[in-house]
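Have a look at the structure below before the remarks.
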Amino acid sequence: MRILSRRQIETAVDLSLSGLARTTATSNRYVRETRSAQLDETFRLARYSAGTPIGVALALILFFWNTTGRPFVIALSVAIAVMAVLAVVAVRLFSSRVRSERAVTLGHRIAAAFAFLLGSIWGFVPIALIPAADADHRMVLVATATGVIADVYLMGPILSVCLLFLIPMLIGSFIGVAMIGDFVGAMMALLLSIYALFLGFTIKDLTGLSTQRIRDRARVAEQSETIALLLREFEENTSDWLWEIDAQGRLLQVSDRAAQAAGCSADALLGAPFEALFLGQGHGSTIEDAGALRDFIALRTQFHDHVVEVRGPSRSFWWKLSGKPLYGKDDRFKGFRGVVSDVTAVKATDARIAFMASHDALTGLGNRNRFQFLATQACRAAAMKGTPFGLLYLDLDGFKSVNDTFGHETGDRLLREVAARLLARLPAGASAARLGGDEFAILHSGPDAADAAALAKSLVESLGAPYYFDGHFIEISVSIGIASAPKDAADPKALLAKADLALYRAKANGKDRYDVFDVAIEHAIMARRELETDLKLALARGEFELHYQPLVCLADGRIVAFEALLRWQHEIRGIVAPTIFIPVAEAIGLISPIGTWALTQACMEAARWQSKARVAVNISPVHFRRADFVQTVLIALERSTLAAGRLEIEITEGVFLENSAAAIANLNQLRKIGVRIAIDDFGTGFSSLNYLIRFPVDKIKIDQSFVRDVISRPACLAVIDAILTLAQKLSISVTAEGVETIEQAALLKQHGCHDIQGFLLSPARPKEDIDFMLRTIPRRLNHYMRGAVGSRPARGAQSHLRKVPNAV
């Protein structure tokens with residue numbers, strides 16, 4: 001497709017407007033030229049139509065010399081001779097080809113007058129001579145009139161001139177024949193009528209055909225003039241020009257536009273070989289694909305849109321040629337004629353479009369399409385020639401936070417700088433592409449896998465160095481996965497998948513590093529992905545259930561709450577530990593739906609307990625920070641009819657340390673509606689006691705890592721004492737997790753701990769055992785406390801020393 005320049009568009013508009021303006025003038029000139037040509041045709045035939053009547057008149061003089069009609073015939077001859085002389089004079093006066101509209105009109109009127117006078121003179125002959133003539137002379141007169149009437153065919157293509165000559169003659173002939181008065185006269189009148197009708201129709205058709213021929217001739221002339229004009233405008237206003245060569249291949253016509261494009265004068269090109277049109281760019285110019293062009297001309301073959309590259313000393317041009325062989329009437333080859341288009345700009349545009357289609361607009365690196373093409377070529381070479389190569393799959397760590405913090409404009413600048421650093425580290429033969437977002441890929445040729453690893457290490461160092469934009473230092477890192485072909489995979493899709501697995505392990509191992517694919521990675525990742533798939537289906541299939549572990553008051557053995565712990569019963573895997581599937585649920589975004597289900601289910605089941613014990617539900621920080629979390633709690637309470645005071649939400653210290661506005665708002669709203677808040681695993685994170693003062697907390701749960709060694713390690717007891725003292729001052733209740741021995745329970749009670757939770761009393765049990773635990777555990781704890789004499793676990797607690805990790 002040709003892209004028109006602004007100048008070409010303006011020229012086309014000017015041509016259209018000027019064409020509209022010329023339409024009326026052209027139409028008027030067309031009519032004038034047609035009428036002028038009709039006049040020329042009429043005057044040309046007048047030479048013959050003037051001579052014929054003179055000869056007929058002389059014959060009548062001889063025939064009527066001895067009759068009474070001799071004076072009339074002599075007068076007729078004189079009149080006709082005068083008319084002939086005047087006709088010759090008129091022809092000379094109007095023989096010029098250049099006439100004004102007024103002159104053409106005058107010529108038509110003179111021709112009409114001559115025709116009418118001549119027809120009237122001849123029409124008076126039968127009236128004057130037939131009545132007094134005998135039968136023989138009458139026959140001569142009738143034959144003469146009939147012959148002279150046929151002279152109307154020499155009147156030319158103007159119908160009005162023909163009729164002005166014909167009608168007076170026919171009227172006179174009818175009158176003369178009618179004056180005979182007998183049967184012969186009547187028959188002659190009948191034949192004359194038929195003759196008149198024939199003449200009328202034929203004259204009409206003949207003058208019409210003559211006029212049409214004249215119009216066609218004028219139209220052809222007009223079209224030739226238009227074509228010549230368009231060709232001139234075409235060459236002046238477009239990037240195309242015409243060329244023509246003779247049978248020997250020499251240039252015959254060279255326009256100024258062609259000479260300008262060739263870089264030399266038109267005179268220098270005339271008579272020169274055809275190749276001079278291309279080699280005129282200067283010394284050192286060459287033409288690519290000239291052989292095919294020479295073959296077309298040598299074989300006298302028509303060709304269309306043949307593109308050649310003309311390489312000049314400083315730059316290259318692209319020309320598109322079309323040509324057609326010329327033959328004379330004798331079928332002899334005369335040469336070639338064609339058109340040349342300068343498509344250099346089109347070629348540049350096509351190259352730019354092709355570059356944009358295969359390269360990333362932001363960084364200038366290859367895009368995913370180009371990577372796919374290059375990777376396919378490399379895989380094919382690796383399979384056929386045994387030339388291995390490596391694929392490095394890069395993913396920026398922390399790029400999203402840069403976008404969120406500094407905006408997308410800074411993010412784009414960062415990506416461009418990453419691309420520049422990446423290109424600076426690329427070895428020869430390697431190619432880089434941006435696959436999308438903050439993902440990049442490198443194809444590294446070479447048989448040594450250590451080279452790809454060395455490149456990855458270099459990139460980790462280079463891309464991990466700080467970036468400086470608008471007064472800010474920005475730090476990110478990169479994780480890289482490496483796979484090799486044909487060792488790891490034989491096609492681009494599979495190879496990228498293997499590199500992705502290595503990248504996944506690099507990120508899982510702490511990011512800011514690279515990893516190389518091996519089969520163990522694939523097995524582990526495939527197992528992880530199968531787990532993810534099963535986890536996505538578990539909620540819909542109803543594979544989750546809640547077990548409950550009691551929280552018991554040390555003062556009286558009463559169960560004050562049950563912690564709801566999530567269990568996954570898979571039909572093939574069996575029971576899946578929470579420590580396995582909870583991190584996966586968080587990673588794939590399922591933790592909130594699962595947490596909502598657990599919260600709702602715990603409230604529904606707690607509402608049916610005979611006891612008024614609270615139900616405690618662990619909530620992931622991701623779930624707790626959601627803006628709709630409080631609404632989720634309200635819905636769960638409404639559906640279950642559970643009192644808000646019986647629900648206890650357990651969260652970790654991380655919720656406070658992130659200082660999320662949504663989390664703080666949720667915390668305040670939950671306390672406002674009466675829901676209790678407990679801090680789970682207290683003391684294990686980056687604890688800041690400040691949040692205990694700033695935010696409303698009802699309970700602290702001491703992590704089992706402190707409780708486990710409270711007997712054997714004084715430091716653990718010191719930490720527990722500190723927590724208990726702090727909680728007492730802040731009026732916060734304390735629960736110790738992971739209590740497994742009577743000695744631990746007794747010591748915690750002695751130091752002022754409120755509640756305990758652990759295998760000493762019961763592991764997490766199904767909802768069907770709630771009533772059983774409510775009946776038996778208070779008695780069992782009181783019994784243990786009365787008999788606490790050593791550090792050995794209670795005999796009845798041995799079956800409960802099995803540890804089950806806590807979750808959601």
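The values are calculated or read from the model by the stated rules, or taken from the named source; none is laboratory data. Remember, it's a predicted structure, so these values are computed and weren't measured experimentally. Heads up, the Cβs are rebuilt from the backbone with ideal geometry, glycines too, and the neighbour counts pull from every protein chain shown. Surface accessibility is based on the protein's heavy atoms, side chains included, excluding ligands, DNA and RNA. Shrake-Rupley method; radii C 1.70, N 1.55, O 1.52, S 1.80 Å.
Using θ = phi - 60° and the Karplus relation 6.51 cos²θ - 1.76 cosθ + 1.60, list the HN-Hα couplings for segment 418-431 in order, rounded to whole Hz, with x at every Gly or Pro.
4, 4, 5, 5, 5, 5, 5, 9, 6, x, 4, x, 9, 9
Once every DSSP H run of n ≥ 4 in the chain is given -39500 (n - 2.57) and the sum is divided by its residues, what mean residue ellipticity at 222 nm do you get, rounded to the nearest 500 deg cm²/dmol?
-18500 deg cm²/dmol
Under the √(5λ) rule applied to the eigenvalues of the Cα gyration tensor, what semi-axes describe the equivalent ellipsoid of segment 519-618? Give them in Å, descending.
Semi-axes (√(5λ), whole Å): 32, 14, 11.
Can you compute the modelled spin-label distance between Arg337 and Arg775, with each label point 7 Å from Cα toward Cβ, in nm?
11.6 nm
Going down the list Lys487/Lys511; Lys385/Lys487; Lys385/Lys457, which pairs span over 23 Å between their C-alpha atoms?
Lys487/Lys511; Lys385/Lys457
Would you work out the Kirkwood radius for segment 59-214? I mean one over the mean of 1/r across all pairs of different Cα atoms, in Å.
When all Cα pairs of segment 59-214 are included, the Kirkwood radius is 16.8 Å.
Just tell me which lysines come within less than 26 Å, Cα to Cα, of Lys699; anything on the same chain fewer than 8 places away is out.
Lys612, Lys672, Lys729, Lys749, Lys767, Lys803
Once Rh is set to the Kirkwood radius over Cα pairs, what Stokes-Einstein translational diffusion coefficient, in µm²/s, holds for the chain at a temperature of 25 °C and a viscosity of 0.890 mPa s?
Stokes-Einstein gives a translational diffusion coefficient of 62 µm²/s.
What is the set of long-range amide H partners of Thr652 at a cut-off below 5 Å, with H atoms built 1.01 Å from backbone N?
Close amide H contacts, sequence-distant or interchain: Asp680.
Which percent of the accessible heavy-atom area of the chain goes to carbon and sulfur, probe 1.4 angstrom?
The computed percentage sits at 58.
Specify the angular offset, from 0 to 90 degrees and rounded to the nearest 10, of the alpha carbon long axis of helix 661-673 from the longest principal axis of the alpha carbons in the chain.
That works out to roughly 60 degrees.
Okay, which of segment 382-396 sit inside 17 Å, backbone N to the point 7 Å along the Cα-Cβ direction of Lys487?
Under cut-off, by backbone N: 382-383, 386-393.
Can you tell me what percent of all Cα-Cα pairs in segment 385-518 are more than 19 Å apart?
47 percent
Taking only the Cα atoms of segment 553-596, how large is their convex hull per residue, in Å³?
In segment 553-596, the Cα convex hull volume per residue is 119 Å³.
Rounded to the nearest 0.05, what FRET efficiency do Ile61 and Ala186 have when you use their Cβ-Cβ distance and R0 = 22 Å?
With a Förster radius of 22 Å, E is 0.15.
Under 22 Å Cα-Cα from Lys320, which lysines qualify once same-chain neighbours fewer than 8 residues away are excluded?
Once the sequence-local lysines are set aside, what remains near Lys320 is Lys347.
In nm, to one decimal, how far is the modelled label at Asp136 from the one at Asp350, with both set 7 Å along Cα→Cβ?
It works out to 9.3 nm between the two label points.
What is the Cα centroid distance between segment 730-774 and segment 407-424, reported in whole angstrom?
Comparing the Cα centres of segment 730-774 and segment 407-424, I get a distance of 55 Å.
Please list, in order along segment 537-547, the HN-Hα scalar couplings obtained from phi with the Karplus expression 6.51 cos²θ - 1.76 cosθ + 1.60 (θ = phi - 60°), rounded to whole Hz, x for Gly and Pro.
Karplus values, whole Hz, x for Gly and Pro: 8, 4, 5, 5, 7, x, 8, 8, 8, 10, 10.
How would you rank 661-671, 769-779, 169-179, 568-578, highest first, on the average number of other Cβ atoms within 10 Å across their residues?
Packing proxy ranking, top to bottom: 169-179, 661-671, 769-779, 568-578.
If you line up the long axis of helix 578-587 against the longest principal axis of the chain, both from Cα atoms, how many degrees apart are they, to the nearest 10?
For helix 578-587, the angle is close to 30 degrees.
Would you mind getting the Kirkwood hydrodynamic radius of segment 333-397 from its Cα pairs, rounded to one decimal in Å?
Computed over segment 333-397, the radius equals 15.7 Å.
Give me the aspartates and glutamates in straight-line cross-link reach of Lys334: C-alpha distance below 13 Å, same-chain residues under 8 apart excluded.
Result set, ordered by chain and number: Glu244, Asp246.
Keeping all protein chains in place, calculate the accessible area per residue for the chain (probe 1.4 angstrom), answer in Å².
I get 51 Å² per residue for the chain.
Restricting the count to DSSP beta bridges whose residues both fall in the chain, what percent are antiparallel, rounded to a multiple of 5?
75 percent
Answer rounded, prolate or oblate for segment 441-548, using the Cα gyration tensor with square roots of eigenvalues a ≥ b ≥ c: rounded when a/c is under 1.5, else prolate when a/b is larger than b/c, else oblate.
In terms of gyration-tensor shape, oblate.
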